[in-house]
């Protein structure tokens, strides 16, 4: 039943089915009814991680190391928990910057560096081609195995098998064709391939079902469940020792190192980048995928140990390769249908990987290696090619064929010496070298191009030395002593035990050592060189755009740093050449509509449009190449450090300006408050003055009424009343004079009669003037006037007014009966100082500051409204200052008040 | 955004828990040649922890009950 032709038919029938699914998926996408836009298909497409390595190799690995196959799946599970932090950021950045490969990501992050992009591409191709060859090897081996059904003791010697007889050769061509048809159908600016994703998701279901079928068959068909199986396996010493890990530091360090490696690989593998990032339809799908994908891995690994242990019990002599147990077990038990299903499952695991990996690698080769090199050709003729789109597509297609054939060649020349898993782990270690540059670049702005180049270079070199050179040894090209004794007999440099370190899940596990040293050196070089080298302005810009992507994307996603202009026809022509006329016109039309632009009126593209065009191109040819192409038509205002500084400077000016504004506003607010205060003071003044005017007026009027209404009033009473009227009228006159004086002082219309004045007489005149007042309150007044007080220049009457004001003020504040006022004159070299001291209640320091302001009256608690207009002290201050003197007050509550002023001596 | 921050926080906690449970020294506690329910202890332990981590990721990404309620409110 399972003859060669049947198998061939089934194999190609299966690949044909993939074509059909992919075709349907693309058709639905074109109609806008996507079948891949949901988290379940997305998670299934991520399961392209599980390749022939998982399907066949894990069992082989488990039969050697027991649980040692598992870290490869635990690592991605741990990375999935960080997925929302790390993967989502990568996806977000890639969508904004239209990044389509891991090489482009690294290149773009570090200043759109062409060198870096090329380096990543070369490492990826060198690292991943063996991995592709592993898949082809699995297809070839299982094909030869199943066609010899039911005999499982097949020894394939590939040196005798020409590729013409090897079905893997034809499968390889079929896969290349598939990748070309569905991976490079047209030049997409987003590089999403829905048909391809649909086919990959389907393959993930097939391989899972097939593996579960064989697992259930052996565990529950041949044995009585897990308990029975492990119980019987425990009776075989060689199997029982696989139940545990050796409890040595080396083993646990190796175990951790394998988990770490797989964590990095899930981010850095080109095919994982393709399905996780590029083919992602909606970031929100990641939320479900970060648990669906680990769940998928858990389920597909459930039966790995049972299959491995049963295989070891069924084929104890070791003549059957453990990598083929999955297929051999159903074969020896005559399950031809199951064997065929397993074969198809393995085929699906292998083909899914080859398809996605070649598409990813060909994009890289085209965008980050070939196009940049061609763009370097002088005279720029290359970028003027009329049918650039067609040219790019043929580069991609050639790259796909190149990669697949390279994989096939590798498998025929070297691959047969290795188990499936060890080849895969070597590839993992190669791509893990991208991790420091990628993850560092996501969160650390300081990482720069030189650092990334150094890290990648050192890591790649150690990878070559510890893993690749020894594999050449095993193929016989370098003497065996290189591994056993080290180069030139230097033991410390033995590639598998570099510097004497020997960690690993088993004693002969070179991977853990290689991972440890290469990643350590990589990180050290990346960080160290980044610290000690300068970054260009472009690197700074890109670093900020990547690390702060969520901040910038909230601001609209456009780079605030880009400055360049171009003519719209030039840009349109460039886009047309690279993307095709129709596509370019459509993109520009959409852009114009979204921003409400009318291009009929202007021919000059602004910075926003230039950047939009560059991003469109970046999707098709990579960011570094897009930059070169766009700059060929852009009148570039070169983004030097000056520009960046200029932008910073503008920002600084804006900040300074706003600070000035703030100060001015504060000043205005203060002035406004002062005005309001003055206004209310004026109101208060008017009410005070009118009140003061009304009191004597009321007195005058009421007494005049008494005189008028009482004709019989005695003469003495009449004289008494007339006296009051006169006194009150005088008070009125005095008040009105004060207000008038104040007006004159304020407006500067006061007339001064300056003369030589003896201040002693001023004091005596003033005291005499208000003696009545003093006597009424029975206040004691002391004069302390020295001999020969110098003559001063001044207006005698005004100065008397000053003294009267001050003494009257003191009288007002003095307590009756016990009051005491001291007036003293001190003679100083250039002036005289007059102090008027009372023993009243004193005034607080706040009140001292305002006491000279007009309309101010010091309120006394419990004493009601003070008498006077509130102008006296203000007038006094004006007069003193007019004479060139100073006036101040000293007081403490309950310790009296001293008003002092100086007047300059006459010259 | 707040919801997002707490989500990242919860998931990061799951990550550290995973690292703790899956590596030295906790792992050595279960590295013994005995069986539980007929299954070697180490195998049972690793697969159980693995499944547990997946469960915790589900819980962490769902967000707190209150957040979900307020999300539905926004929907209306």
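Listing for the model above:
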{"item": "Whole-number percent relative contact order across chain A, with pairs defined as alpha carbons under 8 Å at least 6 apart", "result": "15 percent"}
{"item": "Under 20 Å from the residue A:222 label point (7 Å along Cα→beta-carbon), backbone N, region A:323-349", "result": "A:323-347"}
{"item": "Degrees between helix A:71-81 axis and first principal axis of chain A (Cα, 0 to 90, nearest 10)", "result": "30 degrees"}
{"item": "Beta bridges per DSSP with both ends in chain A, % antiparallel, nearest 5", "result": "85 percent"}
{"item": "Packing-based order for A:51-61, A:871-881, using average beta carbon neighbours within 10 Å, highest first", "result": "A:51-61, A:871-881"}
{"item": "Mean separation of Cα contacts under 8 Å, 6 or more apart, over the residue count of region A:752-904: relative contact order %", "result": "23 percent"}
{"item": "Inter-part distance where region A:312-375 and region A:690-767 are each reduced to a Cα centre, Å", "result": "120 Å"}
{"item": "Value of relative contact order over region A:774-821, rounded to a whole percent, pairs C-alpha under 8 Å and six or more apart", "result": "69 percent"}
{"item": "Antiparallel DSSP beta bridges within region A:775-847, percent to nearest 5", "result": "60 percent"}
{"item": "For chain A, the spread of Cα positions along each principal axis, largest first, Å", "result": "158, 72, 66"}
{"item": "In nm, spacing of pseudo-spin labels at residue A:20 and residue A:778 (7 Å Cα→C-beta vector)", "result": "12.9 nm"}
{"item": "Interatomic Cα distance distribution for region A:643-743, bins of 10 angstrom, percent", "result": "12, 21, 16, 13, 10, 9, 7, 6, 4, 2, 0"}
{"item": "Simple spin-label estimate for residue A:394 and residue A:484 in nanometres, 7 Å along Cα-Cβ", "result": "5.4 nm"}
{"item": "Computed E for residue A:493/residue B:32 - FRET, C-beta separation, R0 41 angstrom, nearest 0.05", "result": "0.60"}
{"item": "Rounded FRET efficiency, nearest 0.05, which uses the C-beta distance separating residue A:405 from residue A:373 and R0 of 22 Å", "result": "0.55"}
{"item": "In nm, spacing of pseudo-spin labels at residue A:4 and residue A:722 (7 Å Cα→C-beta vector)", "result": "15.8 nm"}
{"item": "Estimated FRET transfer efficiency (residue A:531, residue A:506; beta-carbon r; R0 51 Å; 0.05)", "result": "0.85"}
{"item": "Mean Cβ count within 10 Å, highest first, over the residues of peptides A:462-468, A:619-625, A:605-611", "result": "A:619-625, A:462-468, A:605-611"}
{"item": "Antiparallel bridge percentage (DSSP; both residues within region A:700-837; nearest 5)", "result": "65 percent"}
{"item": "Potential lengthening between residue A:764 and residue A:697 on full extension [0.36 nm per residue; Cα-Cα distance subtracted]", "result": "21.0 nm"}
{"item": "Other protein chain Cβ atoms within 10 Å, averaged over every residue that makes up A:73-85", "result": "6"}
{"item": "Net lengthening on full extension, residue A:771/residue A:38 (0.36 nm per residue, minus Cα-Cα)", "result": "253.4 nm"}
{"item": "Cα-based equivalent ellipsoid, region A:1-119: semi-axes from gyration tensor eigenvalues, Å", "result": "32, 26, 16"}
{"item": "Average other protein chain Cβ within 10 Å of Cβ, residues B:46-58", "result": "5"}
{"item": "Degrees separating the helix A:449-463 axis from the principal Cα axis of chain A, which is the longest one", "result": "30 degrees"}
{"item": "Distance cut-off 22 Å, percentage of C-alpha pairs in region A:752-904 lying past it", "result": "37 percent"}
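Any read-out appearing in this document is the output of simple, stated calculations on the displayed coordinates, not a laboratory observation. Keep in mind the model is a prediction, meaning the values are calculated, not measured. Cβ sites come from the backbone with ideal geometry, for glycine too, and all protein chains shown count toward neighbours.
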